[in-house]
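Read the figures in this text as sums done on the coordinates, not as results from a lab. Here the structure is a predicted model, which is why all the values come from computation and not from measurement. FYI the Cβ positions are ideal-geometry reconstructions off the backbone, even for glycines, and counts take in every protein chain you see.
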Amino acid sequence: MSGNYSRIVLASRPRGAVTPDNFRMESVPVPELREGEVLVRNRYLSLDPYMRGRMSASKSYAASQALDETMIGATAGEVVDSRHPRFAPGDAVTGMLGWAEMGVADGAHLRKVDAASAPLSAYLGVLGMPGVTAWYGLNQIILPKPGDTVVVSAASGAVGGVVGQLARLNGCRAVGIAGGPEKCAYVVDELGFDACVDYKLGKVAEDLAVATPDGIDGLFENVGGEVFDAALARMNAFGRIALCGMISGYGGKPVPINNIGSVLVNRLSMRGFIITEHMEVWPQALEELADLVASGQLKYRETIAEGLAAAPEAFIGLLQGRNFGKQLVRMA
């Protein structure tokens with residue numbers, strides 16, 4: 001297949017907050033396929049907080065994003081050409097083809113999805129990595145029991161929203177923490193959480209104490225900083241913490257934790273996790289999540305930016321909490 005496609009590369013590493021100048025859009029030729037490869041036209045790009053860490057040269061759980069190469073990211077689209085026996089033109093697939101209109105992948109790193117049973121975009125959110133992240137952190141680390149109080153920070157986001165709904169389905173009291181009255185109303189009224197604390201009111205510790213009169217048994221932490229500190233102060237003895245993200249510190253400035261003594265005093269279990277290191281649970285998690293979406297028991301919301309060129313500003317908005325639910329970029 002001849003012609004060119006657009007991609008966005010990392011042009012420079014951020015010094016503090018991410019800016020549009022850290023990215024560059026390029027036009028590159030469509031490559032010729034080799035045996036075993038698949039050419040995909042991307043329809044949706046997933047934007048996720050982990051990308052900020054990959055933009056840094058600092059040591060982390062994965063290699064840094066290379067400069068002048070396609071920015072990392074999960075994608076959903078359809079096969080346009082294939083030299084792999086398991087894939088044919090027209091197949092709907094997800095993969096890690098990055099911030100680009102098209103991409104070539106080894107067939108081993110593509111997943112066929114059923115775009116007839118759920119929208120293609122859902123396979124980057126509730127039926128993809130964010131959904132499995134929520135499922136794993138809740139079921140494998142927090143280990144919810146009926147009657148537990150489970151608190152979820154960034155509760156209106158792609159991961160947090162699923163955590164709270166799954167906790168409720170397990171018979172738990174679900175309490176969210178989110179930014180602004182609109183997001184808190186969505187968390188309670190649409191997702192079914194029992195309560196939501198608006199951290200933007202500036203009294204998260206006081207409001208969380210009111211929302212968790214019996215303390216906190218399970219904490220799914222996405223934010224860190226003041227929000228994490230407030231939850232640590234409310235933890236019950238032998239509580240469990242799934243440490244998924246620390247987005248408050250993704251601007252490059254360390255965020256202190258003042259109530260870390262609660263881990264000792266309350267004999268807490270706290271575990272960080274990276275969901276791509278637990279691929280063995282994905283089939284079970286995705287099957288359960290798909291059944292819940294199909295039955296209407298699991299709801300989700302998306303924020304969609306239009307066109308690849310909108311990706312940098314949409315990503316910056318994600319880091320600043322401007323998105324609502326799963327942040328995606330839709331490409332023509």
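A few notes on this one:
- Among LEU264, LEU292, sorting on how many other beta-carbon atoms sit within 10 Å of each Cβ, with the fewest leading, yields LEU264, LEU292.
- Residues with amide H under 5 Å from that of LEU298, placed H, sequence gap 5 or more: VAL293
- Cβ-derived FRET efficiency at R0 51 Å, LEU264 paired with ARG83, nearest 0.05: 0.35
- Cα gyration tensor shape of the chain, rounded if a/c is under 1.5, else prolate or oblate by comparing a/b with b/c: prolate
- Evaluating 6.51 cos²θ - 1.76 cosθ + 1.60 at θ = phi - 60° for every residue in the stretch 100-107, the Karplus couplings come out as 7, 6, 9, x, 10, 9, 5, x Hz, glycine and proline recorded as x.
- Gyration tensor verdict on the stretch 129-276 (Cα atoms; rounded if a/c is under 1.5, prolate if a/b is larger than b/c, oblate otherwise): rounded
- By the Cβ distance rule of under 4.7 Å, the chain has these cysteines without a partner: CYS172, CYS244.
- Gained length - GLU182 relative to ARG15, 0.36 nm times residue gap less alpha-carbon distance: 56.9 nm
- Modelled spin-label separation between LYS59 and ALA309, with each label point placed 7 Å from Cα along the Cα-to-Cβ direction: 4.2 nm.
- Once the C-beta distance of ASP291 and ASP189 is scaled by a Förster radius of 22 Å, the resulting FRET efficiency is 0.40 to the nearest 0.05.
- Once the Cα-Cα distance is subtracted from the 0.36 nm per residue extended length, the ALA332 to THR276 segment shows a gain of 17.3 nm.
- Loop-located GluC sites (Glu not before Pro) in the stretch 17-84, at most 13 other Cβ atoms within 10 Å (DSSP): GLU32, GLU35, GLU69
- Once the Cα-Cα distance is subtracted from the 0.36 nm per residue extended length, the GLU26 to ASP214 segment shows a gain of 62.2 nm.
- For trypsin sites (Lys or Arg not before Pro), the sites in the stretch 59-114 that DSSP calls loop and that have at most 12 other Cβ atoms within 10 Å are LYS59, ARG86.
- Taking a ≥ b ≥ c as the square roots of the eigenvalues of the alpha carbon gyration tensor, the stretch 129-192 is oblate, as a/c is not under 1.5 and a/b does not beat b/c.
- Cα-projected label distance for ASP68 with LYS112, points at 7 Å along beta-carbon direction, nm: 4.0 nm
- Cβ-based exposure ranking for GLU182, GLU226, in which fewest neighbours within 10 Å come first: GLU182, GLU226
- The chain - percent relative contact order, Cα under 8 Å, separation 6 or more: 17 percent
- Counting every other Cβ atom within 10 Å of each residue's Cβ, TRP135, TRP282, TRP99 order from fewest to most as TRP282, TRP135, TRP99.
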